[in-house]
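Structure record follows, encoded as structure tokens.
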Amino acid sequence: MFEKFKKILYEKGEVYLRVKVRPGSALSLVREIMDSEEGETVKVDIAAPPEKGRANVELIRYLAQEFDVKRESVIILSGKAEKLKLVKIINK
């Protein structure tokens, strides 16, 4: 599901994702990509509880794995304590 975003990452060296997380799921996976007036939002189930930053750590791990980058290359720019987040991924 991330093919479009991976292409942008490899062409431009970075990509920004609007991510809506659903913590506490059995598995970390992309649920869907929604179109809206603000752009595309990626809905992601996260296999970690929303406490003490665990869901954010799992989101970073999951996105790093999916985009084949180091965890340090995945940065949550906004929404660290919210379900809706802006994430930047850098191709280092």
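Any read-out appearing in this document is the output of simple, stated calculations on the displayed coordinates, not a laboratory observation. Every value quoted in this text rests on a predicted model; they were computed, and no experiment measured them. Cβ atoms come from the backbone with ideal geometry, glycine included; neighbour counts cover every protein chain shown.
A few points about this structure:
- Here each label is just a point 7 Å from Cα along the line to Cβ, and for ARG22 and SER36 those points are 1.5 nm apart.
- Taking the DSSP beta bridges with both ends in the chain, the antiparallel portion is around 75 percent.
- Charges were assigned to the Cβ only: +1 to each Lys and Arg, -1 to each Asp and Glu. The resulting dipole of the stretch 50-92 about its Cα centre is roughly 120 debye.
- Dipole magnitude of the stretch 3-90, debye to nearest 20 (Cβ charges: Lys/Arg +1, Asp/Glu -1, about Cα centre): 300 debye
- Degrees between helix 54-67 axis and first principal axis of the chain (Cα, 0 to 90, nearest 10): 30 degrees
- With eigenvalues of the C-alpha gyration tensor scaled by 5 and rooted, the stretch 3-90, Å: 19, 15, 12
- Using a Förster distance of 25 Å, the FRET efficiency for GLU51-MET1 (Cβ separation, nearest 0.05): 0.40
- Annotation: amide H of GLU14 within the under-5 Å range of ASN91, sequence separation 5 or more or interchain, hydrogens built in the peptide plane.
- Counting only alpha carbon atoms, the long axis of helix 3-12 and the longest principal axis of the chain meet at about 50°.
- Gain in span if fully extended, ARG71 to LEU29, counting 0.36 nm per residue against the direct Cα distance: 13.4 nm
- Longest site-free stretch - the chain; sites: GluC sites (Glu not before Pro), DSSP loop, at most 12 other Cβ within 10 Å: 1-36
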